[in-house]
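The values are calculated or read from the model by the stated rules, or taken from the named source; none is laboratory data. None of these values were measured; they are calculated from a predicted model. Note that we place each Cβ from the backbone using ideal geometry, even for glycine, and neighbour counts take in every protein chain shown.
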Amino acid sequence: MNRVPKIYYLAIASMIVLCLTSGVRAELVLPQAASVPGGVAVISLQAIEQVSEAHFDEQRVAIITKEQVAYAIVGLPLEIKPGRYPLRVKSKRGAVTTVNFTVASTQDLARIKAEGEKIGAAFRTWSASSGLNFAFIVPVDGKRSDSFGSRRVFNNQPRRPHSGMDISASEGEPIKSTAQGRVILTGHFFFNGNSVFIDHGQGVISMYCHLSAVTVKKGERVEQG
């Protein structure tokens, strides 16, 4: 019986591995988002049906679809000034929509990172409480412009769910605590504006954003209503 030298076995095995892996599709990776001068803005277009193309400053930009959500990838010039900018998005039906996005300064980027760490720490708060009660109330009367968990569906494809509840109310309308608890964080945040975080005990945290003013302080006890 003729034997094939070991070196050929290795070569054959390598060829098999290469053949198998060449058919495996690499995971789609988006660029690291850094919407600052000289960075890359990654803009979600999930609210637009059947995206065809997008333009920034009269120049067409790349579009990548990941997990059924289209993203515009915009390279930002070093000389661009921080502020709000429009992205023109065209659907396959020809409709044109303007999506505004923010170019932050490098100082803003550091602020966003620091605020993200604060918010993350707030949501990880755990305090023993025997008074936890899930008889929550709505914090303000008004029209619900969007609800937690809702998602748009385009072409029978569900988009990313909404992670909060949006309630439209008049400016200055008092906001009620959904349950009794302790204020663990307040401040003006880059994306969420004036915000208040309340710990209701045993890992239950409520967050109130885009407030016209904050009238409570960290550590203060609040009652429901």
ask   = How many residues are in contact (Cβ under 8 Å) with a residue 40 or more places away in the chain and out of contact with any strand residue (DSSP E or B) (no Cβ under 7 Å at 6 or more places or on another chain) when one looks only at the stretch 213-225?
value = 3
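Take the residues of the stretch 181-202 that are under 22 Å from the mean Cα position of the chain (by Cα) and among the small types (Gly, Ala, Ser): which is surrounded by the fewest Cβ atoms within 10 Å (Cβ to Cβ)?
193
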task = Note down all Cβ pairs under 7 Å where the first residue falls in the stretch 181-210 and is within 18 Å of residue 134 (Cβ to Cβ), the second is surrounded by fewer than 19 Cβ atoms within 10 Å (Cβ to Cβ) and among the charged types (D, E, K, R), and they're at least six residues apart or on different chains.
result = 182/221; 198/182; 199/182
request  = Go through (1) in contact (Cβ under 8 Å) with a residue 12 or more places away in the chain; (2) within 26 Å of residue 193 (Cβ to Cβ); (3) not β-branched (Val, Ile, Thr) and name the single condition residue 110 misses.
outcome  = (1)
note = Exactly one of 61, 69 is surrounded by 13 or more Cβ atoms within 10 Å (Cβ to Cβ) and closer than 21 Å to residue 104 by Cα, and that one is 61
ask   = Residues 96, 89: which one is over 27 Å from residue 186 (Cα atoms) and without any contact (Cβ under 8 Å) to a residue 12 or more places away in the chain?
value = 96
remark   = Contact list, first residue from the stretch 50-70 and on the phi > 0 side of the Ramachandran plot and touching a residue at least 40 places away in the same chain (Cβ under 8 Å), second anywhere and in a strand (DSSP E or B) and surrounded by 13 or more Cβ atoms within 10 Å (Cβ to Cβ), beta-carbon distance below 6 Å, six or more apart or interchain, is 50/91
task = Filter the stretch 161-180 down to residues that are at pLDDT 90 or above and over 19 Å from residue 213 (Cβ atoms) and give me whichever is surrounded by the most Cβ atoms within 10 Å (Cβ to Cβ).
result = 179
message = I'm trying to understand the selection: among the residues of the stretch 104-130, which are under 23 Å from the mean Cα position of the chain (by Cα) and in a loop (DSSP other than H, G, I, E, B)?
response = 104, 105, 124, 125
request  = Could you grab me the full set of residues in the stretch 97-120 that are surrounded by 12 or more Cβ atoms within 10 Å (Cβ to Cβ) and farther than 23 Å from residue 38 by Cβ?
outcome  = 97, 118, 119
task = Considering only the stretch 164-221, give the strands (runs of 3 or more DSSP E) lying wholly within it that have at least 1 residues that are touching a Leu at 6+ places or on another chain (Cβ under 8 Å) and polar (S, T, N, Q).
result = 193-201
